[in-house]
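Presented below is the structure to which this report refers.
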Amino acid sequence: MHESNFVASSGLDHTREVSPHEMANAIRVLAMDAVERAKSGHPGMPMGMADVATVLFTRFLKFDPLDPAWPDRDRFVLSAGHGSMLQYALHHLLGYVDMTVEELQRFRQLGARTAGHPEHGHALGIETTTGPLGQGLATAVGMALAERMLNTRFGDEIVDHYTYVIAGDGCLMEGISHEAIDFAGHLALKRLIVLWDDNRISIDGPTALSTSTDQLTRFQACGWQVESVDGHEPEQVAAALARAKSADRPSLVACRTVIGYGAPNKEGSETAHGAPLGQAEVDAARIRLGWSASPFVVPEPIKTAWSRAGERGRIDRMAWQERLANSQHRHAFLQAMSSYLPSRVFEQLQEHKRALFVKKPTVATRKASEMALTVINEATDRLIGGSADLTHSNLTITKGAISIKPREFSGRYIHYGVREHAMGAAMNGLALHGGFVPYGGTFLVFTDYARGAIRLSALMRQRVIYVLTHDSIGLGEDGPTHQPVEHLAMLRATPNLYVFRPADAIETAECWEIALRSRETPSALCLSRQNLPVVRPADNDENLCARGAYVLYETEGERDVTLLATGSEVEIALNAAKLLAAEHAVQAAVVSMPCWELFESQPISYRQEVLGRAPRVAAEAASRLGWDRWLGEIGAFVGMTGFGASAPAKALYEHFAITAEAVSKAALSLVCRVGAADSVAARILEKQN
Ligand SMILES: Cc1ncc(C[n+]2csc(CCOP(=O)(O)OP(=O)(O)O)c2C)c(N)n1
Ligand SMILES: [Mg+2]
């Protein structure tokens with residue numbers, strides 16, 4: 001099949017026409033050489049998709065390697081991230097300055113730009129980190145959505161690009177793909193074009209081992225335009241791409257390919273998927289492809305043809321810059337694309353905080369979040385809200401916010417549907433694309449369903465804000481399926497993620513401020529369903545949550561014990577402190593700890609000052625895991641030891657003994673156990689007499 005691909009490509013005539021197949025062979029050879037040198041990697045996918053990628057990058061994709069961040073470039077997402085050498089080979093051939101041949105030779109080595117899977121920020125032009133299959137596809141939905149929303153705001157003159165995805169069988173098998181295609185199809189999200197590497201092979205062998213879905217029918221049922229082509233016939237691929245570009249909906253192009261194309265003994269089989277081909281097979285493939293050049297060497301005419309392809313976008317880019325320079329939207333567009341939010345957002349939040357000190361509202365922190373959002377969204381249109389079908393529980397929509405609808409992208413609120421994972425990934429896409437700060441809501445317990453995307457928000461250093469309400473047994477009657485226990489620990493274990501659990505309306509406003517200012521860290525705002533009083537005693541313009549933890553209530557004399565708590569349990573800790581003082585003459589300080597990560601980053605002197613030297617008791621209606629970091633050797637913990645139950649919140653707090661009495665009892669027994677007991681005992685005796 002496709003014998004025309006196997007043509008000699010090392011002739012010395014530098015002026016002759018180079019065929020698309022020869023250009024594709026450059027990708028194939030670089031991919032197999034790099035994997036061979038690294039003794040690790042995936043040659044099959046780049047070799048199979050080389051023809052498709054050549055058509056896309058030489059005839060369709062709008063980009064300029066000299067300005068990889070050009071805002072109106074087309075976005076390209078390699079959702080099948082294991083085929084990373086496809087992207088690295090393309091970048092090298094197209095002239096991305098950082099993708100030198102040395103980088104290809106250092107594929108998968110420490111510190112190389114050519115990481116095992118494409119990582120956003122490691123090399124120019126990598127739009128998103130991929131590898132967890134299906135994520136790229138769902139992230140691309142967010143990018144395509146961002147394009148449409150910005151286009152509505154700024155017009156075709158400035159925003160006019162496409163989002164292309166290469167996805168494999170694995171991406172389409174993953175559940176997240178269904179959330180993503182269903183959602184994109186519903187919105188009629190045109191300009192999103194998925195090229196499916198339909199090679200019918202995955203790691204275990206033929207995909208027939210585990211799936212018999214008719215993918216075209218599935219996509220079609222979700223509202224996509226679909227067609228199928230021979231992925232080794234460039235003209236077929238090009239014709240399909242042209243049709244996809246003019247579709248009024250998202251498009252799937254199923255590209256029938258042969259994995260490991262060109263490797264005579266391994267092509268078409270899973271043996272080409274994820275291991276070096278072996279030198280003998282690489283040599284045989286070279287002969288088959290008619291490629292006599294040494295490893296990592298691309299013959300001159302082919303190299304030149306690729307360089308020319310890399311220059312295609314330059315004129316477009318310069319014309320765009322000219323249009324922008326003369327556009328009435330210039331200033332607004334540049335501001336929108338900057339990662340800094342207007343200062344009025346923070347000024348308004350400060351005003352809001354002052355008003356809260358006066359009113360001292362007793363509200364659930366989810367409500368306090370809505371109050372903060374109302375202020376923020378009035379001050380800027382940069383935030384794009386949403387929820388996974390829990391809008392009125394998460395309180396994520398603000399007054400006047402219009403919803404995004406099919407073919408209508410002027411709104412600023414997204415009904416993601418019951419699709420937590422795709423919501424997280426789409427928010428990553430919105431953030432990566434630029435122009436927006438996405439926030440989206442679900443119940444804290446369902447972060448399990450969005451975990452893959454949350455992890456990538458953190459890894460990619462994106463400002464994505466997760467609004468996670470119903471943050472404990474305090475949600476009550478819905479029961480243990482809905483009551484998070486281990487989720488705070490899971491989120492806190494995730495690097496580069498701020499996990500906020502504010503105690504009242506003031507802390508909530510402060511946490512929102514930090515989340516918005518954190519341009520390279522995503523945030524998880526864990527919020528209560530139940531009402532909570534304002535616990536912050538004194539009016540203070542300083543954002544105390546920014547220190548992660550602070551002393552909310554200090555004892556007059558030396559502390560006997562320090563009570564640590566977050567969120568809804570701060571009120572309980574304060575009551576426990578009162579109880580300890582009134583009934584036992586025990587001096588307890590109370591520390592609110594809305595964000596461990598920020599506290600961890602404070603100078604040790606501050607941490608010591610806050611934590612004090614007295615024994616510590618922590619209260620949090622969640623699992624203990626992680627708390628020992630703050631408790632020290634002799635601390636006590638009041639919280640959950642198993643799953644919750646279905647009952648009114650008050651009954652649950654009693655039942656699971658997360659009460660002021662329980663905290664006070666734990667504190668008392670701790671104080672009696674340690675040396676401080678003598679002086680405390682004396683005071684207790686004195687009181688009793
Ligand atoms: C979420 C997730 N699960 C499992 C893997 C491990 N994995 C990497 S590639 C692959 C098979 C993918 O098959 P396909 O997309 O058809 O790629 P091909 O073999 O055709 O290159 C698997 C299971 C992964 N990367 N991500
Ligand atoms: Mg496959």
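Summary table below
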| item | result |
| --- | --- |
| Förster radius 35 Å - calculated FRET efficiency between ILE203 and LEU625, Cβ distance, rounded to 0.05 | 0.60 |
| Low-density loop cleavage sites - chymotrypsin sites (Phe, Trp or Tyr not before Pro) in the range 277-353, where at most 13 other Cβ are within 10 Å (DSSP) | TYR340 |
| Relative contact order computed over the range 89-226 (Cα-Cα under 8 Å; 6+ residues apart), in percent | 18 percent |
| Residue pairs, from the table LYS190/LYS399; LYS360/LYS665; LYS360/LYS578; LYS190/LYS367; LYS245/LYS266, whose Cα atoms sit over 32 Å apart | LYS190/LYS367; LYS245/LYS266 |
| Separation in nanometres of the label points that stand 7 Å from Cα toward Cβ, at SER339 and VAL297 | 4.2 nm |
| Estimated FRET transfer efficiency when R0 is 25 angstrom, pair GLU17-LYS245 (beta carbons, to 0.05) | 0.45 |
| Amide H contacts of ARG249 (H built 1.01 Å from N, under 5 Å, at least 5 apart or other chain) | ARG191 |
| With Cα atoms, 0 to 90° folded angle of helix 660-673 axis to the chain main axis | 80 degrees |
| Distance between the range 478-547 and the range 144-167 - C-alpha centres, whole angstrom | 33 Å |
| The range 490-529 - Rg (one decimal) and Dmax (whole number), Cα, Å | 10.1, 29 |
| Relative contact order, percent, the chain [alpha-carbon distance under 8 Å, six or more residues apart] | 12 percent |
| Rounded Å value of the spacing that divides the Cα centres of the range 207-252 and the range 10-86 | 21 Å |
| Nitroxide proxy distance, nm - points 7 Å out along Cα→Cβ at GLU486 and ALA280 | 4.7 nm |
| Note, ³J(HN,Hα) from phi for the range 417-430, Karplus 6.51, -1.76, 1.60, rounded to Hz, x at Gly and Pro | x, 7, 8, 5, 5, 5, 4, x, 5, 5, 5, 4, x, 4 |
| Mean separation of Cα contacts under 8 Å, 6 or more apart, over the residue count of the range 161-282: relative contact order % | 29 percent |
| Folded to 0 to 90 degrees: helix 314-326 orientation relative to the chain principal axis, Cα | 50 degrees |
| In degrees, nearest ten, helix 569-584 long axis to first principal axis of the chain (Cα) | 20 degrees |
| Modelled FRET efficiency - R0 45 Å, GLU351 with THR211, Cβ distances, 0.05 increments | 0.20 |
| Alpha-carbon centroids, the range 602-666 and the range 257-292: separation in whole Å | 59 Å |
| Theoretical gain in end-to-end length, VAL674 to GLU322 [0.36 nm per residue, Cα-Cα removed] | 119.4 nm |
| Distant-in-sequence amide H partners of ALA618 (H built 1.01 Å from N, under 5 Å) | LEU564, ALA636, PHE637, VAL638 |
| Hz values of 3J(HN,Hα) by residue in the range 332-338 - Karplus curve (6.51, -1.76, 1.60), Gly and Pro given as x | 5, 5, 5, 5, 4, 7, 6 |
| Cα-derived Rg to Rh of the range 296-440, Kirkwood definition | 1.15 |
| Fraction of the pair-distance distribution of the chain above 42 Å, Cα-Cα pairs, percent | 36 percent |
| Estimated dipole of the chain in Debye, rounded to 20 [Cβ of Lys and Arg +1, of Asp and Glu -1, Cα centre] | 760 debye |
| The chain: calculated mean residue ellipticity at 222 nm from DSSP helix runs of at least 4, using -39500 (n - 2.57) | -13000 deg cm²/dmol |
| Additional length obtainable on full extension of the chain from SER601 to THR380, 0.36 nm per residue less Cα span | 76.6 nm |
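Each value in this text was obtained by applying a stated rule to the coordinates, not by laboratory testing. What you are looking at is a predicted structure, and each value in this text was computed from that prediction instead of being measured. Cβ coordinates were reconstructed from backbone atoms using ideal geometry, including for glycine residues, and neighbour counts include every protein chain displayed.
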